[in-house]
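S.K.: Structure incoming, see below.
The values are calculated or read from the model by the stated rules, or taken from the named source; none is laboratory data. Since the model is a prediction, treat every value here as computed from it, not as a measurement. Reconstructed Cβ throughout: ideal geometry from the backbone, glycine too, with neighbour counts over all protein chains shown. Just so you know, the surface numbers come from the protein's heavy atoms only, side chains and all, with ligands and any DNA or RNA stripped out. Shrake-Rupley method; radii C 1.70, N 1.55, O 1.52, S 1.80 Å.
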Amino acid sequence: GNVMYASALKQGSIALALSGRFITGLGGPKCIVRRFMADTVPITLRTGVNAAFGMSIAVGSALGPATAILVDQFTFSFRLPLLGKQYFNGMTGPGWFMAMLWSIFTIIVLFTFGEPDRSGLEEQKRLEELSKGASPPMSPPDSPVVMMIDKEDSPGHVSKGKMDDDLQTIFTNDTDHTSGDDSISNSIVLPPTYFQAFKARLNLITLPVRLCLFFLFCKTFCIEALVSATSSLTKNRYDWHVLQVGTLGFINGLLVIPLSIVVGWLSLYYQDRALMMFLVSIGCFGMSLLIDLTDLVSTPHSDGYNDWNKFAVHPPRYVAGYFLSFCSIQCFEGVIGSTLSKVIPTALASGTFNSGLLATLVDTLGRAVGDVFIFVVGSINIRQLMNLLFIPAFTVLLTCLILIRRNYTTLAV
């Protein structure tokens, strides 16, 4: 994917560049990483591991702009087998650089990675059985559906009463509920349809799971509104350029590292719900710093801001609010991932519609909605872009804070 993106300049094909970006996105699925962490990490350590996962994402986000600034300083050409002469510059350099990194990563994984024991998943299964009074575990939704069909009946006719009785016999070894000469030998195993499997998965999405997925959506939406609009917002408001924006992103990502370490340490002493309250409160405060009330009162005919008003959002206040919001919300993702892995049923650990896929779908949806939101508010009024972005984002974070408080007992894990 990165090679396609980098070689698109020589070919003069925007379709090749977009296809390369699409394939690059397919090469890094978060769903596998999230599911892997939930299956292999003990419950007591999951918050710390998820905090480290969020820290890794933040470090990548920080090194990305810094690398782009560095790569922009080089311009040269080289030749590759089959591809011929290629160009390395500020536009193609990131593609070639990432292609090299992914190639090294692939070689390392092929020769060093070994599948570990699913100790975290087994621990969570034991806890589920204890919470249910050691009752026999139900079959996962993707398992075959046992349906009792009488040999004398037509192939499409299913006796619901016999199906219920024989299912109870299978799970409890209780023969009192069976009648006549019916036996398990009269049953056939029918694989579930995709619709049945999907419906069964939805039934497993409990209130705590729905809350975590909603928080994940809100987190991604706020981060997207904060980060993706940085270039347009700062250029029109403060006349910033690539160097200033890249430096802001680099420092911002580095600041997440110590905060993630602190969150991982605090997870040993505090529950996830307490960390959620703490991080979302900081995010709300940081987002409130980005709301420019002077623009709601007076708006001169210019693309800048009310620089003459001391209550306006000047660059130092913008940077402070940006740092507080980004760092706290980014660490919030790690706590959400930890809580989700603890409250989600183990039946969602297998099959297509697993927790990792659900979290990734919600994360992608939040990013897409955030991008559309930026486009819409930017089309309304570029002068009011800051308030149009951050007043709704502040409202979203405040909603999360209220939901955490109202469902504090539900989120106790």
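S.K.: Hey, any hits in region 51-70 for a residue that's under 21 Å from I223 (Cα atoms) and out of contact with any helix residue (DSSP H, G or I) (no Cβ under 8 Å at 6 or more places or on another chain)?
M.R.: Looking for residues that are under 21 Å from I223 (Cα atoms) and out of contact with any helix residue (DSSP H, G or I) (no Cβ under 8 Å at 6 or more places or on another chain), one finds at least one in region 51-70, hence yes.
S.K.: Quick test for you: out of G321, G334, pick the one residue that is of a type in the set (G, A, S), in contact with a Gly (Cβ under 6 Å, 6 or more places away or on another chain) and closer than 30 Å to E122 by Cβ. Write out each step before concluding.
M.R.: On the way: G321 fails: closer than 30 Å to E122 by Cβ.
Selected residue: G334, the only one of G321, G334 that is of a type in the set (G, A, S), in contact with a Gly (Cβ under 6 Å, 6 or more places away or on another chain) and closer than 30 Å to E122 by Cβ.
S.K.: Assess whether A312 counts as being surrounded by fewer than 20 Cβ atoms within 10 Å (Cβ to Cβ) and in a helix (DSSP H, G or I).
M.R.: Working: surrounded by fewer than 20 Cβ atoms within 10 Å (Cβ to Cβ): yes; in a helix (DSSP H, G or I): no.
Answer is no for this residue.
S.K.: Just the residues that are closer than 24 Å to N50 by Cβ and either open to solvent by less than 40 Å² (accessible area, probe 1.4 Å) or at pLDDT 80 or above (or both), please, taken from region 1-35.
M.R.: So in region 1-35, the residues closer than 24 Å to N50 by Cβ come out as 25-35.
The answer is C31, R34, R35.
S.K.: Okay, next question. If you take the residues of region 76-108 that are among the aromatic types (F, W, Y) and open to solvent by less than 60 Å² (accessible area, probe 1.4 Å), which of them is farthest from G1 (Cα to Cα)?
M.R.: Quick first cut of region 76-108, residues among the aromatic types (F, W, Y) only: 76, 78, 87-88, 96-97, 102, 105.
Adding the requirement that they be open to solvent by less than 60 Å² (accessible area, probe 1.4 Å) leaves 78, 88, 96.
Numbers: F78: 19, F88: 16, W96: 10 Å.
For region 76-108, the residue satisfying everything is F78.
S.K.: Condition (residue is in a helix (DSSP H, G or I), open to solvent by 10 Å² or more (accessible area, probe 1.4 Å) and of a type in the set (D, E, K, R)) applied to region 279-296: is it met by at least one residue?
M.R.: no
S.K.: Is it the case that region 234-253 has a residue that's charged (D, E, K, R), free of Cβ contacts under 8 Å to residues at least 12 places away in the same chain and part of a helix (DSSP H, G or I)?
M.R.: yes
S.K.: Here's another thing I want to ask about it. Do we have G114 as over 27 Å from the mean Cα position of the chain (by Cα), in a loop (DSSP other than H, G, I, E, B) and either at pLDDT below 85 or over 30 Å from G246 (Cβ atoms) (or both) here? Outline the logic, then answer.
M.R.: Details: over 27 Å from the mean Cα position of the chain (by Cα): no; in a loop (DSSP other than H, G, I, E, B): yes; either at pLDDT below 85 or over 30 Å from G246 (Cβ atoms) (or both): yes.
Judged against the criteria, G114 is not a match.
S.K.: Which members of region 220-275 meet the condition of being under 24 Å from the mean Cα position of the chain (by Cα), under 24 Å from L365 (Cβ atoms) and of a type in the set (A, V, I, L, M, F, W, C)?
M.R.: Once the filter is applied, which keeps residues that are under 24 Å from the mean Cα position of the chain (by Cα), under 24 Å from L365 (Cβ atoms) and of a type in the set (A, V, I, L, M, F, W, C), region 220-275 yields F221, C222, I223, A225, L226, V227, A229, V256.
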